[in-house]
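The values are calculated or read from the model by the stated rules, or taken from the named source; none is laboratory data. Not measured: the values here are computed from a predicted model. Every residue, glycine among them, receives a Cβ derived from its backbone with ideal geometry; neighbour counts consider all protein chains shown.
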């Protein structure tokens, strides 16, 4: 605990001293008082120390005198008191100019005054404040500990912290969801400021850093015409940031004791988050195991499943759909131990969005997938609303980590739920072949590929099929841009055999396109003018793209096919 320069100047012992420069810095905190007679090496002075000196040596060394204040500022001292009349008759003008420039307080002690008395009184004040802080720390520790033992939860922590600090208190979880706020608050300004902090970091691609913070962060804002301080204190346990405590109050009313109260609140919040995580993990495992059994396709009677679902808080009557979520980690990220933390954040995000939209749902986390089963009640658009909201939320807080989402058709019965899961899986797996504007793919979007997916499920060797059909095209020597003949065939078929639009899309001359088409017919032995053979080639190209996608992004089936 410390006192400020301003508080020190108000002590009776300081009434004969004079602040001569650096008035902007009177809020600096004095952590200790040091007397130095001979000014030679100040590198041993520490941050927050208040220096008292007679200035011996400064009167004879011009270079030392010119750099004196700058060096004290560099050492992060709180201020300096100079006993004039011994070696310096008055405070040099260069001291005053430098101190005013840095907002570094200089106090003049007159020659007749015994500065050792100042040292004694200041140190007494500092020690008394430290004793006061220890007593306060013990008091709030007992109050917060009692909250934990009484199992009163996060809301009571927010209220107690508000009572201790007088500030507006909010508690957020690890996905930015506001969980609780103190009964008295400053209004929406502080909440918006906190969101603006997230947004600024998001724009800079640093929101991940925000959610990995382990230390307190401070910002200043204006609420009305009054400056306020916003403090964000991470709630950390087991090296994981479970959320944040935010406290907002007028800047003029902030005290060191507030930081101590916030620190204690963070500790008990971490205990509460760990307790909730343990309960949530058990529920998640039970419900997830139930969903796993449903998706396996090897289930007991539907009536039995419906009864078991009720016990877990999920109604299996009506219609249901399955959504699959996948995070796309780079190779470097896959080796990082924090990947599981991001999967946990995604789980909490989806859970939060589903609750916000009042849906009944069950989540299951796989190594590479997050699976969501949700009641649709005939409203399949609900699947898109969930997917869009999750995607928007994820992009806002984690803009550098891509997320894609697959959606299956609604299942009208318990027995058809595995089919919806497979459809969501296929949509996620092959959706990128459609190159849509958003990474949200519904199985219905894959309609051109449905026949190939059916062939795949029925054990047809798609590789043998496309190799037989495309033949020589696959043997064509690739250049840096890929396989030009295969890409030309694909674009030509996509453009409904329109020469002009095909050549424009490929950025080649019509004569070049005509030559390539002749080469394609020659190497495949098939005629592009034949509807039957053209359809064969179209399916073969699609099968080739599908299997390449599976090769580049392998996945494990959600359920038995």
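Observations on the model:
- Residue match in segment 391-402 (condition: under 34 Å from the mean Cα position of the chain (by Cα), part of a helix (DSSP H, G or I), at pLDDT below 85 and not assigned by TED's automatic domain parsing to the domain that holds residue 176): yes
- Only one entry of 521, 551 meets the criterion of being at pLDDT below 90, part of a helix (DSSP H, G or I) and farther than 30 Å from residue 366 by Cα, and that entry is 521.
- Residues in segment 377-409 that are closer than 15 Å to residue 445 by Cβ and touching a strand residue (DSSP E or B) at 6+ places or on another chain (Cβ under 6 Å) were compared, and the one that is surrounded by the fewest Cβ atoms within 10 Å (Cβ to Cβ) is 404.
- Pick from segment 73-91, criterion touching a helix residue (DSSP H, G or I) at 6+ places or on another chain (Cβ under 9 Å) and outside any loop (DSSP other than H, G, I, E, B), ranking: farthest from residue 114 (Cα to Cα): 73
- Residue match in segment 417-431 (condition: surrounded by fewer than 19 Cβ atoms within 10 Å (Cβ to Cβ), in the same structural domain as residue 303 (by TED's automatic domain parsing) and either more than 29 Å from residue 394 (Cβ to Cβ) or within 33 Å of the chain's Cα centre (by Cα) (or both)): no
- Residue that is surrounded by the most Cβ atoms within 10 Å (Cβ to Cβ) [pool: residues in segment 17-56 that are at positive phi and at pLDDT 85 or above]: 22
- Any hit, segment 82-104, residues being at pLDDT below 80 and surrounded by 15 or more Cβ atoms within 10 Å (Cβ to Cβ): no
- Qualifying residue in segment 333-345 (condition: modelled with pLDDT of 85 or more and touching a helix residue (DSSP H, G or I) at 6+ places or on another chain (Cβ under 6 Å)): no
- Scanning segment 238-291 for residues that are out of contact with any strand residue (DSSP E or B) (no Cβ under 6 Å at 6 or more places or on another chain) and part of a loop (DSSP other than H, G, I, E, B) turns up 238, 239, 255.
- Condition check for residue 247: in the same structural domain as residue 226 (by TED's automatic domain parsing), modelled with pLDDT of 80 or more, under 19 Å from residue 153 (Cα atoms) and within 21 Å of the chain's Cα centre (by Cα): yes
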